[in-house]
Amino acid sequence: MSLFSTTQMKCPKCGESTSAEEVGSVNADRRPDLREAILAGTFQTIKCSHCGHRFRLEPDFNYMDAGRGQWIAAYPAPRILDHLEAADEMSAVFENNFGAAAGKAEQELGKSLTGRVVFGWPAMREKLLIRDRGLDDVIVELLKLDLLRELPEIPFGAGTALRLVELAGPDMTFAWFGPGVGDSQRVLDIGISRYQDIASHMDEWKDVADELTDSAFVDMQKLYLGEGRDAQA
Ligand SMILES: [Zn+2]
């Protein structure tokens, strides 16, 4: 089931209270339109009933797509600073739904699902796009690391991320999201041969791949983020 609840929130433009249908969980098998809206970048856009201003809620929901074998805990972008805690939380929910304590059918279903944790809409959309185009998200993250070595001028850090935004034929388009990235640096086009190159040399990437997949947060950003907010305190 896809679950929504009606909540009141403050419009960021006029400050008046407006009602919003906030999503708690998405079932893409039953509601393919919601998956399409995530890919289109329109999901959870709210229109203020007072001034008409449109704004987008940060993601905070579970996403299930049994047909494509995806289960994703989507969190608000700022929560990336607590990525270890969020990944533990996701694992607990996943275990509860599909683990030893769940029914036989649920356990079977769980085996066919890849669980992931994402923070913010660009990361969420990217995971859906990667699966849609038949790519492997671990290899996409390795490719980003490979690309970063050639891009020393990019102000990379928490809040700045490189995301795959399109794949058309042999052309992959990545885009930087976050503050401090100039427009001319924002988009990066590369050939899919770079991806295929890594895919055929995974033995050379094993250590990094292991690090990327040590939790459901499969994102090269975690190699830069460290242990998170608690560890820094
Ligand atoms: Zn308003």
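Restricting the search to the range 40-68, which residues are surrounded by fewer than 18 Cβ atoms within 10 Å (Cβ to Cβ), more than 16 Å from the ligand (Cβ to nearest atom) and either in contact (Cβ under 8 Å) with a residue 60 or more places away in the chain or not in a loop (DSSP other than H, G, I, E, B) (or both)?
Passing the criteria: Ala40, Gly41, Glu58, Arg68.
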Go through Glu36, Glu21, Glu106 for me and flag whichever is outside any helix (DSSP H, G or I) and more than 16 Å from the ligand (Cβ to nearest atom). Glu21
Step by step: first the residues of the range 115-138, then only those that are over 13 Å from the mean Cα position of the chain (by Cα) and within 18 Å of Asp29 (Cα to Cα), then the one that is surrounded by the fewest Cβ atoms within 10 Å (Cβ to Cβ). Which residue is that? Gly134
What pairs come up if the first residue lies in the range 1-26 and is more than 20 Å from Pro76 (Cα to Cα), the second is away from the ligand (no atom under 12 Å from the Cβ), and their beta carbons are under 6 Å apart, counting only those six or more places apart or on different chains? Met1/Asn27; Ser17/Gln8
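Here are some residues: Ala86, Ala77, Ala73, Ala102. Which one is under 27 Å from Pro179 (Cβ atoms), over 12 Å from the mean Cα position of the chain (by Cα) and among the small types (Gly, Ala, Ser)?
Ala86
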Kindly establish whether Glu141 is under 13 Å from the mean Cα position of the chain (by Cα), assigned to a helix (DSSP H, G or I) and closer than 28 Å to Lys206 by Cβ. yes
Suppose the filter is over 15 Å from the mean Cα position of the chain (by Cα), surrounded by 12 or more Cβ atoms within 10 Å (Cβ to Cβ) and more than 16 Å from the ligand (Cβ to nearest atom); does Arg30 pass it? yes
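Read-outs: derived from the displayed coordinates by stated rules, not from any lab. Keep in mind that what you see is a predicted model, and the values were worked out from it rather than measured. Cβ coordinates were reconstructed from backbone atoms using ideal geometry, including for glycine residues, and neighbour counts include every protein chain displayed.
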